[in-house]
Structures are given as C-alpha cells and as structure tokens.
Amino acid sequence: MPTRNASAAWEGGLRGGKGTFSGESGVIGGDYSFGSRFGESGGTNPEELLAAAEAACFSMALSAALERAGHKPERVETKAACTIEKVGDGFKITRIRLDTTARVPGMDRDEFKDVAEATKTTCPVSVALLGNVEIELNARLEE
C-alpha cells in the first residue's frame, strides 16, 4: 500500500507568523496562520484539512460498506466539521461531526443507519482518530 506525503513550513512566531503547506500530488496546498486557525482570517488550517480527509474517507468507506450489505449506492455525500478547543494550557481537536446523505435505492432506513454507524468506527481516518477525537454522525437516507 502507498505512503502519501505532505510538507509544511512555518515562519516567525505563533501569532505573527505564517505558514504554507503542500501535498506531493500538487493538488492540495495553501497558506495558514494563527488567524486562519483560531480566528476568521483567510487561508486554511489543519482542522479544515482533517475535516476534508474524514469526509472523503467516510464517504468512500460507507459506499463500500453499503455494497457489501447488498445495496449499490448512487451517491454518498459527507460534510465534516472539525472542532478545536482550548483544553488546559493548550489546544485539542475535540470533535468531528459528520453529516452524511446517501441515495441508495431499495434500502431500509434502519439498515442504512446501522451500516453508517459501523462505518464511523472502521473507515481508516476514523480509526486513526478513535480514542482521541469524538466522532458524531448524522446519517440520512434520501428518498
């Protein structure tokens, strides 16, 4: 299995400094700062990147789990919100909330919820976070 790579650089002190990051594919990259991470300034931040990774991984894993359960999904869409909070003397990513909507013809709502809940603890990014970050899931089956 492949190993994926990214890099980041930070210049200056915490509040006045600035950073850049990039992925080896060249598809992701950007600027970040104290303001973009802890305030409302422009730029990205590690929490946004983690939310994107979790949303992408969960959508893909849920699609595979639905297929294994005998239901071919037409579409799975996940929005993820990653929360960072002050904890003690530092900061901690405390929660990721997943809002997932799926179109799966012929599937029962209860079975869908069961498959989605099981996927929440088995997708690779979720597994990496389990025990450290609370993962909340709101899963909805489209008509």
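The values are calculated or read from the model by the stated rules, or taken from the named source; none is laboratory data. On a predicted model such as this, the values are computed, not experimentally measured, just so you know. All Cβ positions, even for glycine, are placed from backbone atoms using ideal geometry, and neighbour counts span all protein chains on display. Side chains included, ligands, DNA and RNA excluded: accessible areas come from the protein's heavy atoms. Shrake-Rupley method; radii C 1.70, N 1.55, O 1.52, S 1.80 Å.
For a quick check, take a GNM of the chain with Cα springs below 10 Å and name the residue from G29, G70, G12 with the largest mean-square fluctuation. It is G12. For segment 99-143, the fraction of 1.4 Å probe accessible surface lying on carbon and sulfur atoms is 48 percent.
Quick check for segment 1-115: number of Lys pairs with alpha-carbon distance under 26 Å, counting only pairs 8 or more apart or on different chains?
Numbers: K18/K86; K18/K92; K72/K113; K79/K92; K79/K113.
The result is 5.
Per-residue SASA remark: V27, around 120 Å² accessible (1.4 Å probe; ligands, DNA and RNA not included). For the chain, the longest principal axis of the alpha carbon atoms and the long axis of helix 46-68 meet at an angle near 20°. Accessible surface for segment 25-143, divided over its residues, is 57 Å² per residue with a 1.4 Å probe. For the chain, modelled as a GNM whose springs connect Cα atoms under 10 angstrom apart, the maximal fluctuation among F112, F91, F58 occurs at F91. Straight-line cross-link reach from K120 at under 15 Å between alpha-carbon atoms covers these aspartates and glutamates, not counting any fewer than eight positions away in the same chain: E54, E77, D99, E111, E134, E136.
Distance from the C-alpha centroid of segment 106-127 to that of segment 77-93: 23 Å, rounded to the whole angstrom. Across segment 92-138, counting alpha-carbon atoms alone, Rg and Dmax equal 12.1, 41 Å.
Between R109 and T3, the modelled labels are 4.7 nm apart [label points 7 Å from Cα along Cα→Cβ]. Convex hull volume of the Cα atoms of the chain, normalised per residue: 136 Å³.
Can you give the FRET efficiency to the nearest 0.05 for R15 and D89, using r as the Cβ-Cβ distance and R₀ = 22 Å?
Numbers: r = 16 Å, r/R0 = 0.73.
Computed FRET efficiency for R15 and D89: 0.85.
Taking the C-alpha atoms only, the angle from helix 109-120 to the longest principal axis of the chain is near 40 degrees. Residue separation of V127 and R68 scaled by 0.36 nm, minus their Cα-Cα distance, works out to 19.3 nm of gained length.
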